[in-house]
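Below is one structure, written out as structure tokens; the observations come after it.
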Amino acid sequence: MTNSLNSQAYLILLLLFTGVFCNAMIVPFMGFFIIDELGRDPWEISIYVGLVSVLTLLMNRQFGERFDKGARVRPLIAISAFAFLTATATLSLYPAYWVIIGFISICFSFSNASTSLMYSFGRAYAEQQGMAITTYNSYLRSMTSLGWMIAPALSFFIAGQWGNSFVFYTAVSLAILWVVLWFCVVPNDFTAAAKEPSSQQASSQSRSLNHGLYLASAACLFIAGAHILTSAALPLYFTQEAKLPTYAPGLAFSIKCLTEVAVILLIPYAMQKFSARTALYAATLIAMPTFYILSQVNSMPQLVVGAALEGLYYGIFAGVSITFVQSFANGRLGRATSLYMNSLFLGGMLGNVSMGLIASAYSYQTAIQLSLVIITVALVILIASRRSDRALENSLSV
């Protein structure tokens, strides 16, 4: 395995970044747009979010299954890119609520599924080229983090300066770039066919690996849930309960993101000595004091320390979790990657819902403290999945 990347590998990273950037511009903006521009009630956002959430989960699974069955990657990525272009062009011309519910939500579910597909594509390409898998996975993950760090802020800046419609005009321009990159970057004949078990022993190992895959995905779900629960509660905790300045949440977010991206890029060097499982143990153990420190913040120095620790534990998780889950793929890389992405998606959705309920009943501080319980559950699941490693080692030796 080599850590050096060829030009195609860099172009794949650029394609992923562009797709993530496009989606990240729109996903957090749509709720604001539905209320601010269309004048709808807040509960009507839930209908849109619910539709997109369910459809995205389904599309992730469908794309993953098609990838594993040997479908060509190029048409699948084209569906995502053109769906986003169609949706944003429609929003630019006819921004009506029922169009959003009946048509736009379907388009965005296709475009959202591109990230999972790109992870599978990137991983499969790295394998074919003999590149270091953990290193390339960390680069793929860092592209996602960078996209989400920049794009949402850009969309709200554009809306504030030139109006909501210009967000969609900008998104259309970026979607065209996404389509151009797709046309130039994705090979016409790239596939990743599944590896079928050939014996009773392989079938037994497959069942054990499937068990490990579900446990690994469940651990990611709980870690993501704890992370989103805390992230959603922190801005309001800082400003309303800790009485910190209004710029405090933005400062904390910047410190957290910068630390996270730096850790993701450094993870491949640490993985030369430690396994992905060991790194995830470290992430959960670092997260525990992090959540406690964040729940006790009442000054700016404490905020800086807490935000840096948050970026550290989540950077470790983001850098190795996809490699950890994919290690149980057993020849079905698309399925494993879609399960991984769906676990993050579901964990985030549950974290957001839980934050509102807990904060309403108790406080934002309590919501952050509950993350300690959730991350402990994740650690227990990680320990429980340890037995599956033996089946993984046997499958690799066959």
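Magnitude of the charge dipole for the chain, about its Cα centre and with charges confined to Cβ atoms of Lys, Arg (+1) and Asp, Glu (-1), is about 880 debye. Over the chain, DSSP H runs of length four or greater, each weighted -39,500 (n - 2.57), average out per residue to a 222 nm ellipticity of -27500 deg cm²/dmol.
Rank these by accessible area, largest first, 1.4 Å probe: Tyr340, Tyr169, Tyr314. Mind showing how you got there, number by number?
Values: Tyr340 0, Tyr169 105, Tyr314 20 Å².
Of Tyr340, Tyr169, Tyr314, the descending order of accessible area is Tyr169, Tyr314, Tyr340.
Solvent-accessible surface (1.4 Å probe) assigned to Val54 amounts to roughly 90 Å². Only protein heavy atoms count here; on that basis, with a 1.4 Å probe, Thr376 has an accessible area of about 60 Å².
Here P(r) over Cα pairs in 10 Å bins from 0, in percent was computed from the coordinates, and among (i) 5, 22, 32, 27, 12, 2, 0; (ii) 4, 20, 28, 26, 16, 5, 0, 0; (iii) 4, 20, 27, 22, 14, 7, 3, 2, 0 the match is (i).
Extending 7 Å from Cα along the Cβ direction at Ile106 and again at Thr376 yields two label points whose distance is 4.7 nm.
Share of the range 246-358's accessible area from carbon and sulfur, percent, 1.4 Å?
Details: 3210 of 4360 Å².
Carbon and sulfur together cover 73 percent of it.
Kirkwood Rh, the range 38-122, all Cα pairs: how many Å? Answer for the range 38-122: a Kirkwood hydrodynamic radius of 13.5 Å. The heavy atoms of Trp162 present about 150 square angstrom of accessible area, all protein chains included, probe 1.4 Å. Taking the centroid of alpha carbons for each part, the range 139-178 and the range 310-389 are 26 Å apart. The HN-Hα couplings worked out from phi for the range 89-99 by the Karplus form 6.51 cos²θ - 1.76 cosθ + 1.60 (θ = phi - 60°) are 5, 5, 5, 5, 9, 9, x, 10, 4, 6, 5 Hz, whole numbers, x standing for Gly and Pro. Close amide H partners of Phe190, meaning residues 5 or more places away or on another chain with modelled amide H under 5 Å apart, are Val73, Arg74. Taking the chain as a Gaussian network of alpha-carbon nodes connected by springs under 10 Å, the highest mean-square fluctuation of the residues Met349, Met143, Met30 belongs to Met30.
In order along the range 177-184, the phi-based Karplus estimate (6.51 cos²θ - 1.76 cosθ + 1.60, θ = phi - 60°) of 3J(HN,Hα) comes to 4, 4, 5, 4, 5, 4, 4, 8 Hz; Gly and Pro are listed as x. Across the protein chains, with a 1.4 Å probe defining accessible surface, the residues His211, His227 rank His211, His227 from largest area downward.
May I ask you to rank Cys22, Cys184 by accessible area, largest first, using a 1.4 Å probe over the protein chains only? Intermediate values should be presented prior to the final figure.
Values: Cys22 0, Cys184 95 Å².
The residues order as Cys184, Cys22, largest area first.
Taking amide H atoms as placed 1.01 Å from N in the peptide plane, the amide H of Met131 lies under 5 Å from those of Thr2, each 5 or more residues away in sequence or on another chain.
Computed over the chain with a Gaussian network model linking Cα atoms closer than 10 Å, the most mobile of Leu181, Leu140, Leu333 is Leu181. A 1.4 Å probe run over the protein chains yields, for the chain, 43 Å² of accessible area per residue, whole-number rounding.
The values are calculated or read from the model by the stated rules, or taken from the named source; none is laboratory data. The shown structure was predicted, so the numbers you read here are calculated from the model rather than taken from an experiment. As a convention, Cβ positions derive from the backbone with ideal geometry for all residues, glycine included, and neighbour counts pool all protein chains shown. Calculation scope for accessible area: heavy atoms of the full protein, side chains included, ligands and nucleic acids excluded. Shrake-Rupley method; radii C 1.70, N 1.55, O 1.52, S 1.80 Å.
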